[in-house]
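To keep things clear, I will list the structure first and then write my remarks on it.
The values are calculated or read from the model by the stated rules, or taken from the named source; none is laboratory data. Everything numeric here is computed off the predicted structure, so don't read it as measured data. Counting neighbours? That spans all protein chains shown, and the Cβs are built from the backbone with ideal geometry, glycine included. The protein model used for the area step is the full one, side chains on, heavy atoms only, and it has no ligands, DNA or RNA in it. Shrake-Rupley method; radii C 1.70, N 1.55, O 1.52, S 1.80 Å.
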Amino acid sequence: MTRLVLTRDIYCPLDEVFAYHTDLERSPQHWPNVIACSRLDGGGEAGVAPGARYSWRYRMYGVEFAGTAVVREIVPGERFVFDAEGGLVGTVRCAYTALSPRRSRVDVEFEYDVPMGLVGRAVDRFLVEHRNAVDAERAMDRLAERLEAEVQARLDMQPA
């Protein structure tokens, strides 16, 4: 199993960061490898809850994987955990911390297995692991940029 840990401080209030980041259907907006993610069990006003299921498609080195994500745990403003099943198997654990009323920290831990047994693990170790780390860092940068741009747009709209 491969483990990847990332952290970003974001100039955006915690409730907005949490709402955006736990809406897995928005993942393709900041995670370039995620081709699509859609809720399988409706959703609606109740929002995300444990047991919520999503269909996802992910591209790595030109190879497309598909599967299901199942929300395992959600503590509003603090923690979000989901499991990936299908083409890639793993767990994503996210922790959220308010640094100030306008700044937040997101900590994300990925644990995943590449398919194909020993061959997959060898390829992962020598090739895929580095690429995934680079892509994950880029995704976290895009997450911060997107949320900070939304905050900046609101500030620009306020009267002087």
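If the condition is being touching an Asp or Glu at 6+ places or on another chain (Cβ under 8 Å), surrounded by 15 or more Cβ atoms within 10 Å (Cβ to Cβ) and either among the polar types (S, T, N, Q) or farther than 20 Å from ASN33 by Cβ (or both), then segment 92-116 contributes ALA95, TYR96, THR97, ARG103, SER104, ARG105. When THR7, THR68 are screened for being open to solvent by 20 Å² or more (accessible area, probe 1.4 Å), in a strand (DSSP E or B) and without any contact (Cβ under 8 Å) to a residue 40 or more places away in the chain, only THR68 passes.
Condition first: modelled with pLDDT under 75, open to solvent by 30 Å² or more (accessible area, probe 1.4 Å) and of a type in the set (D, E, K, R). Can you find one or more residues in segment 143-156 that meet it?
yes
Only a single item in (1) assigned to a loop (DSSP other than H, G, I, E, B); (2) at pLDDT 90 or above; (3) closer than 26 Å to GLU148 by Cα; (4) open to solvent by 20 Å² or more (accessible area, probe 1.4 Å) is not met by VAL48, and it is number (2). Number of residues in segment 20-45 that are open to solvent by 60 Å² or more (accessible area, probe 1.4 Å), outside any loop (DSSP other than H, G, I, E, B) and over 18 Å from ASP83 (Cα atoms) equals 3.
On inspection, GLU129 qualifies as surrounded by 15 or more Cβ atoms within 10 Å (Cβ to Cβ), modelled with pLDDT under 95 and of a type in the set (D, E, K, R). If the condition is being more than 22 Å from ALA19 (Cβ to Cβ) and either modelled with pLDDT of 95 or more or not hydrophobic (A, V, I, L, M, F, W, C) (or both), then segment 82-99 contributes GLU85, GLY86, GLY87, GLY90.
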